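Enquirer: Sharing a structure below in structure tokens format, with a few things to ask.
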Amino acid sequence: MPPIIVAIDGHSSCGKSTMAKQLARRVGYIYVDTGAMYRAVTLYALDHHLFRADGSLCADALRQAMDGLCVDFVLDPSTSLPLTTLNGEVVEERIRGMEVSAHVSPVAALPFVREAMTRQQQRMGRKKGIVMDGRDIGTVVFPNAELKVFVTASAEVRARRRYDELTAKGQQVDYDDILRNVKERDYIDSHREVAPLRQAPDALLLDNSHLSREEQNDWLFARFCEAANR
Ligand code: DC
């Protein structure tokens, strides 16, 4: 079976990464979480004080820094899962916190940030055999992907999942803050000018509000087998 590209797009916190990761492991493909790349750029901007006191971003300063900014992945030897690195430092934990979540959308909306990340993502998929999740994978990064899936769930279900995930890690978070953040990101992600979140016409739609993890994994694996054998 020749390797294929699997593009998984959808709303924030709808379990895309979990199902994408699981599929990649099951079929021996590389897994790339492109949201982590935008999160790492955002962490850089926060660490370098590129957000003004009013919350707006100094885009010019970030543009100048982009050439010297390297976002990549290394494999965790104990789990074989990718860990995000920023200029060589593992930042996996830090990019998942609320501060990065609250600042990432305006960073991900910048054309020069998207160009740099898209180029790198396309390089990663040159040999196929990859499962990539994000917002614009089936529409912009790999418009010819053999399998495209668009995942969604209600905002309340997604906020609850994120709340459970963060509290399980011991973080003190408020459900209403998370719900607000989920809705805000949906709006910004779908209304930005460059590469807005939208379902590709040839993507399969999956609403997983009422599916168990196992049910969605099995659904995705079945779609993968169909696409890989086509
Ligand atoms: O999937 P996530 O929540 O980790 O994504 C973080 C942010 O990055 C989110 O606001 C959308 C943005 N993003 C994007 O614009 N394009 C992608 N391919 C992936 C994520």
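The values are calculated or read from the model by the stated rules, or taken from the named source; none is laboratory data. What you see is a predicted model; the values in this text were computed from it and never measured. Cβ placement follows ideal geometry from the backbone for every residue including glycine, while neighbour counts extend to all protein chains displayed. These area figures cover heavy atoms from the full protein model, side chains too; ligands, DNA and RNA do not enter into them. Shrake-Rupley method; radii C 1.70, N 1.55, O 1.52, S 1.80 Å.
Enquirer: Provide the packing ranking of 209-215, 198-204, 80-86, i.e. peptides ordered by the mean count of other C-beta atoms within 10 Å per residue, highest first.
Expert: Final packing ranking: 80-86, 198-204, 209-215.
Enquirer: Sticking with this structure for a sec: Check V151: other-chain or 5+ apart residues with amide H under 5 Å from its amide H, H built from backbone geometry?
Expert: Long-range HN contacts for V151: D9, G10, H11, L206.
Enquirer: Looking at the range 100-169, which trypsin sites (Lys or Arg not before Pro) are DSSP coil and have at most 11 other C-beta atoms within 10 Å of their C-beta?
Expert: Loop-located and lightly packed - R126, K127, K169.
Enquirer: Further question on the same structure: Could you look at the chain and say what percent of its accessible area is carbon and sulfur, using a 1.4 Å probe and all protein chains?
Expert: Roughly 50 percent, rounded to a whole number.
Enquirer: For D218 and D47 in the same chain, what is the full-extension length gain: residue separation times 0.36 nm, less their Cα-Cα distance, in nm?
Expert: 57.5 nm
Enquirer: Spelling out what I want: for every residue of the range 78-89, take phi, set θ = phi - 60°, compute 6.51 cos²θ - 1.76 cosθ + 1.60 (Karplus), and round to whole Hz; glycine and proline get x.
Expert: Taking θ as phi minus 60°, the curve returns 7, 10, 6, 9, x, 10, 6, 10, 10, 6, x, 9 Hz for the range 78-89.
Enquirer: Also, quick follow-up: Mind checking the log10 I(q)/I(0) for the chain at q = 0.14, 0.18 Å⁻¹? Debye, one equal scatterer per Cα, no solvent, two decimals.
Expert: -0.90, -1.55
Enquirer: If one takes the longest principal axis of the Cα atoms in the chain, at what angle in degrees, from 0 to 90 and to the nearest 10, does the Cα axis of helix 111-124 lie?
Expert: 40
Enquirer: Which lysines, if any, have their Cα less than 20 Å from the Cα of K128, not counting same-chain residues under 8 positions apart?
Expert: Correct list for K128: K16, K21, K148.
Enquirer: Among M124, F73, P106, whose Cα projects farthest towards the positive end of the dipole of the range 73-130, with charges put on the beta-carbon of Lys, Arg (+1) and Asp, Glu (-1)?
Expert: Of the candidates, M124 comes out farthest on the positive side.
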